[in-house]
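To start, the structure itself, in C-alpha cells.
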Amino acid sequence: MFLAARNQIQSRPLKSAICIIPMLAMLLSSTSVIAQPQQYKVTSGDVLSVVAYGDPQLTGLFPVSTDGTIGYPILGNIVVTNKTTEEIGAAITASLREHVANLSVAVSVKEYAPVFILGDVKNPGKYEFRPGMIALEVFALGGGLRQQPDRVLDSGVQLVAAQQEYDDTALQLLSRDVRRVRLEAEINGKPFEYAADPASTGVRDAATTQSVIAAERSLFELRLSTLESDRRNLEAQRHNYEEEITMLEKSSGLRNEQFNLTQLDVEASQGLVSRGAAPEAALREKKRDLLAMNQQVLEAGSFLARARQNKNEVERRIRELDDKRKNDAAGELLEITVDMLRLKKKMTAKVQTMAEIGAAAQRVSRLEETVKMKFSVVRMVSGDYKELPIDEHASLNAGDIVRVELVPAVQAIASQSGTEN
C-alpha cells in the first residue's frame, strides 16, 4: 500500500527544488538507503563494559575520556579510541597475561557517546547513538521540522522513525534468536550452530548478522571452556582423593594386623602372669602398647572416612557442573521465548504503521510549500572540530553534532528575484 503511495507521489509534477519527496520515495521503496553499519570503533564519550572472566575485580564500566583513554586496574590508562571492541579486548587480555595467568577479557560498548542535532528542528538536543545511524534518523528523532510545511514531509519523518524502530526491533529479535540457539546448544550438550534466516528476523544485513552470531559463539566457547576447566580441576581433586584413600586403606590394613598381633601378645602375657611366669609390669606394658595401637587404628579410620567424604563431595560438584549450566540456560531460555513473541508482535505493528503512513501520503493532492534542507555535521577531524557539509543519508559517528537549516523554496525564489531586480 505504501509503495503505491510512493509511486503516485513521484508521478506528480513538482517543483525542481523539492528534496523531501525523493527522500520519502526512497524510504518507502526499501531500506537500502540506510547506511550499512561498519565495525564500530570506540570514540570519546563512550562507556565500555569490560568483563574479566575469573576476576570480578577487573570487571566494570569504564568511560572513555576526552583524550581517548580509559583508566583500567593494573594497566593504568589505555588508549581505546579508533579501535574496535575486539581489538581492545585482545590488547587488554595480552597485557593482563603478564600479571594474571589464564585470564580472558571481553569488551563491549555499554553506552555510545550521544549525537546532537540543532537548527530548524522541533526538539534540538542530544539523542542516543547507534552504529549505522544516518543524519535523517537523528532529524526524525528531533521531531522533524520546527514548522512542517506539508503533510508529505510529516509522513516522511514518521516513516523514518517507524523504519528505525522496525530495524531496531528486528536487530533485537535477531539477538534473542541467536541467544536462543546458543542456550539450546548448552542444554543439549551440542555444538553451537546458527543458520541465519532474514525472513524470520527481518535483518537482511549479513555483516550485522554475522557480528551477532560471532558474539554469541565467543560466549558459548568461553562458557564451555570455563566448564571444562572446572571439570578438569575437580577430576584432578577426585584422583588425588582416590590415591589418598588407597594409601589409607593399605595403612589401615597394616595397623589392624599390628593391633591383632599386639592383642595376642597381651593375651599371652596374661597367661604367663596368671601362672606366675611373668611379672605384672610386663603385662601392663603390653596393654599400653595395645591401647596406643588402638588409637592409631581409630585415627587412620577417621582419616579414611574424611578422605571418602571429600571424594564424594567432589563427585557431587562434578555432577552439579552440567546441571547448573543447563538449569541456568533453561531459565534464560524461557525469558527469551517470551521476549521473542513480544518483539514479533511489535514488528507486525510497525509494518502496519508504515502501511498506514504510506496510504496517508497517497492522499496528499499537492504540496503547498516545498523546502530545501541543508545538513552539516560538526565532528573532530585531526584533533580539531570542523563543520562539514553532508546529505541526509550520510553516516554519523558517535558524538557528532548535526545542524539542519531549512529554507522555504518560495522564499528562496523571491529572494533571488529581489536580488536580480
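The values are calculated or read from the model by the stated rules, or taken from the named source; none is laboratory data. None of the values given here were measured: they were computed from a predicted structure. Don't worry about glycine lacking a Cβ; one is built from the backbone with ideal geometry, like all the others, and counts go over all protein chains shown. These area figures cover heavy atoms from the full protein model, side chains too; ligands, DNA and RNA do not enter into them. Shrake-Rupley method; radii C 1.70, N 1.55, O 1.52, S 1.80 Å.
Consider Arg308 carefully, then state whether it is open to solvent by 90 Å² or more (accessible area, probe 1.4 Å), more than 30 Å from Arg255 (Cα to Cα) and in a helix (DSSP H, G or I). Answer is no for this residue. Selection over segment 185-213 of residues that are of a type in the set (A, V, I, L, M, F, W, C), in a helix (DSSP H, G or I) and open to solvent by less than 40 Å² (accessible area, probe 1.4 Å) gives a count of 3. Among the conditions (1) modelled with pLDDT of 55 or more; (2) of a type outside the set (A, V, I, L, M); (3) over 33 Å from the mean Cα position of the chain (by Cα); (4) surrounded by fewer than 11 Cβ atoms within 10 Å (Cβ to Cβ), Glu420 misses just one, which is (1). The residue that is nearest to Phe303 (Cα to Cα), counting only those in segment 244-287 that are open to solvent by 70 Å² or more (accessible area, probe 1.4 Å) and outside any helix (DSSP H, G or I), is Pro279.
Conditions (1) touching a residue at least 24 places away in the same chain (Cβ under 8 Å); (2) small (Gly, Ala, Ser), marked per residue:
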residue	(1), (2)
Glu165	yes, no
Asp177	yes, no
Pro191	no, no
Ala195	no, yes
Thr208	yes, no
Glu228	no, no
Arg232	no, no
Glu235	yes, no
Glu243	no, no
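If you check Asn294, Asn312 for being of a type outside the set (A, V, I, L, M), touching a helix residue (DSSP H, G or I) at 6+ places or on another chain (Cβ under 8 Å) and at pLDDT 85 or above, only one passes: Asn294.
Listed here are the strands (runs of 3 or more DSSP E) enclosed by segment 76-136 that have at least 1 residues being without any contact (Cβ under 8 Å) to a residue 60 or more places away in the chain and farther than 17 Å from Gly399 by Cα: 76-79, 104-111. Figure legend. Inter-residue proximity from segment 331-357: first residues within 19 Å of Arg180 (Cα to Cα) and touching a residue at least 12 places away in the same chain (Cβ under 8 Å), second residues open to solvent by less than 40 Å² (accessible area, probe 1.4 Å) and among the hydrophobic types (A, V, I, L, M, F, W, C), beta-carbon distance below 6 Å, spacing 6+ or different chains. Indicated pairs: Glu332/Leu183; Leu333/Leu183; Leu343/Leu173. Scanning segment 43-75 for residues being assigned to a helix (DSSP H, G or I) and either closer than 24 Å to Asp384 by Cα or open to solvent by 30 Å² or more (accessible area, probe 1.4 Å) (or both) gives a total of 2. Does Leu234 satisfy being open to solvent by less than 60 Å² (accessible area, probe 1.4 Å), hydrophobic (A, V, I, L, M, F, W, C) and at pLDDT 85 or above? Here the answer is yes, as Leu234 does meet what is asked. Based on what the data block shows, is Glu216 exposed (fewer than 14 other Cβ atoms within 10 Å of the Cβ), in contact (Cβ under 8 Å) with a residue 24 or more places away in the chain and of a type in the set (D, E, K, R)? No.
For Arg325, the conditions (1) surrounded by 17 or more Cβ atoms within 10 Å (Cβ to Cβ); (2) modelled with pLDDT of 85 or more; (3) among the basic types (Lys, Arg) all hold with the exception of (2). Among the conditions (1) at pLDDT 85 or above; (2) out of contact with any Gly (no Cβ under 7 Å at 6 or more places or on another chain), the only one that Ala170 does not satisfy is (2).
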